[in-house]
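Just so you know, all these numbers are worked out from the coordinates, no wet-lab data involved. These numbers come from a predicted model, not from an experiment. Here the Cβ positions follow ideal geometry from the backbone for every residue, glycine too, while neighbour counts run over all protein chains shown.
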Amino acid sequence: MESYNSFTTAKRQISEAAKILNLDEATLQLLSEPQREFTFSLHVKMDNGKTKIFRGYRIQYNFARGPAKGGIRFHPDETIDTIRALACWMTWKTAVVDLPLGGGKGGIRCDPKTLSQRELENLSREYIRAAAPFIGVDKDIPAPDVYTNPQTMAWMMDEYETIVNNHQPGVLTDKPTQVGGTLGRRDATARGGVITVREACKNLGVDPLSKFAVQGFGNAGQRAALLHHEILGGGKLIAVSDSRGAIYNPEGFDSNELVTHKLKTGTVLGFPKSKQIAHEDLLELDVDILYPAALENAISKDNASRIKAKIICELANGPTTPEADIILNQKGIYVIPDILASAGGVTVSYFEMVQDKYSFFWDESTVNQRLDQKLTTAYSRVHEAIKEKKIHPRLAAMVVGVARVAEACKLRGWV
Ligand code: GLU
């Protein structure tokens, strides 16, 4: 397996986009560095009565188009560079869907699987005590990401409100609906991804009712499996995987039953009428549409040449390595890049911020309809750039996002 510094990859992508846009040196430099970085030492009382020290990060990559926005991850391999890359990608993601937001990301280096609920709550609250001076409804608005969820957001919001002594639900998004969350947020990332697949099928003449596979069966993967049938009107889910393994059935799975099984047992393994296959084999199956919905760098030069899908919809952040990207392009596989395919989550986060500001909440169909509109528009803008500049979809999405941020920097007189 190749080992990657994701931020090096992210910077290379900016340079490529900058070349196409003829950006000057100062703009390129400005866009290749985070505007602000914070690192925190977090001391947490553990269940055994001892104190443990954790490292936390928050990076506000760019503010030109609005306050920083992006999730907080709890992960044992977290480093300042993983957060830099993810904060950087958030900047282009919010710009591609044309939200009035910048990009940011946070994280804590920890293994959440070894922490109790009480320890997770202590850690979440301690993170906010450290970050409170630097975040805010018009400054930087975190959300969940890998191994964080609406409950984490509820604790964090509560801690923040206690510190500022004010009702401020919009300081974080993807909260439970009972405390200022929006309807439709749980499905948002997957819904956005499936909408881009619907548009790509139309453009490429791919039959949306054909076979598909989902790599990574967490929230986004599960919802994508369900929504694929709903939005595209059919389709056959023939393989899924999670961290424990992969399963296959050429006749297709019932997505609803599979989600129930996963929620009950914690894994997709052992699902009736399924054959267990190796992780790697899932990516190489004969499907038309593939959804990578796990972590970074799943599609690498080791497996890219054997991928048969016509469309890859990147629901995860950074699932394809740069070498793999080149191979997929050569094979003519249409990759809907993460900054577009996974932008549904942050789009509905933005809707949540708006609703919190007005303290007036929309029904779910309004949320879904506005999300569809945003993603369809973003998809066609990227598709135009592909045709106009004769470039592959990832570069086209970067060009659209980077151009918008560069323009805002210029208008502000930063460069
Ligand atoms: N963590 C999600 C992402 O990577 C959502 C971020 C947000 O809603 O701010 O897009």
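Output the DSSP H helices from the chain with an along-axis C-alpha extent of no less than 18 Å and a mean Kyte-Doolittle hydropathy no less than -1.0. Can you show the working numbers first?
On the way: long enough: 6-21 (23 Å, -0.08); 80-96 (24 Å, 0.65); 117-131 (21 Å, -1.16); 150-164 (21 Å, -0.20); 185-204 (29 Å, -0.50); 219-232 (19 Å, -0.04); 344-358 (21 Å, -0.13); 364-389 (37 Å, -1.13); 393-411 (27 Å, 1.02).
TM-like helix candidates: 6-21, 80-96, 150-164, 185-204, 219-232, 344-358, 393-411.
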How far is the Cα center of the range 325-355 from the Cα center of the range 397-415, in Å? 19 Å
Quick one: if you stick a label point 7 Å off each Cα along the C-beta vector at LYS331 and LYS52, how many nm between them? 4.0 nm
Taking 8 Å as the Cα distance limit and 6 or more residues as the minimum spacing, I'd like the relative contact order of the chain as a percentage. 17 percent
ALA143 long-range amide H proximity, modeled H, under 5 Å: GLY70, GLY71, ILE72, THR173
Dividing the mean separation of Cα pairs under 8 Å (6+ apart) by the residue count of the range 300-348 yields a relative contact order in percent of 46 percent
The long-range amide H neighbours of ASN297, using H built 1.01 Å from N in the peptide plane and a cut-off of under 5 Å, are THR320
Which order do peptides 401-413, 222-234, 142-154 fall in by mean Cβ count within 10 Å, highest first? 142-154, 222-234, 401-413
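Residues with beta-carbon under 12 Å from that of LEU23, excluding LEU23: net charge, scoring Lys, Arg +1 and Asp, Glu -1?
Details: positive: LYS19, LYS410; negative: GLU16, ASP24, GLU25, GLU407.
Within the 12 Å Cβ shell, the charges total -2.
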Partner lysines for LYS273 [C-alpha distance under 18 Å; skip if fewer than 8 residues away on the same chain]: LYS211, LYS236, LYS262, LYS264
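Relative contact order of the range 146-230, please, whole-number percent, based on alpha carbon pairs below 8 angstrom and at least 6 residues apart.
Working: 57 pairs, mean separation 18.9, N = 85.
Taking the mean separation of contacting Cα pairs over the length of the range 146-230, I get 22 percent.
So what is the 222 nm mean residue ellipticity for the chain from helices alone, if each DSSP H run of at least 4 adds -39500 (n - 2.57) and you divide by all residues, rounding to the nearest 500 deg cm²/dmol? Present the calculation step by step, with values, prior to reporting the outcome.
Working: 14 runs with 193 residues, N = 415.
The helix-only estimate for the chain comes to -15000 deg cm²/dmol at 222 nm.
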Simple Cβ-charge dipole of the range 325-415, Lys/Arg +1 and Asp/Glu -1, about Cα centre, in debye nearest 20: 520 debye
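How much length, in nm to one decimal, is gained on full extension between THR366 and LEU263, taken as 0.36 nm per residue of separation minus their Cα-Cα distance? Intermediate results must be reported in sequence, preceding the final value.
Values: separation 103, 0.36 × 103 = 37.08 nm, distance 2.83 nm.
Residue separation times 0.36 nm, minus the Cα-Cα distance, leaves 34.2 nm.
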Exposure proxy order (Cβ contacts within 10 Å, fewest to most) of ARG198, ARG306: ARG306, ARG198
Straight-line reach check, LYS45, cutoff 19 Å on alpha carbons, 8 or more apart in-chain or any other chain, hits among lysines -> LYS113
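Can you pull out the trypsin sites (Lys or Arg not before Pro) in the range 1-70 whose DSSP state is coil and whose Cβ has at most 14 other Cβ atoms within 10 Å?
On the way: sites: LYS11, ARG12, LYS19, ARG36, LYS45, LYS50, LYS52, ARG55, ARG58, ARG65, LYS69; in loops: LYS50, ARG65.
Listed in order of number, the matching sites are LYS50.
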Anyone know which of THR82, THR260, THR377 comes out most mobile in the 10 Å Cα GNM of the chain? THR260
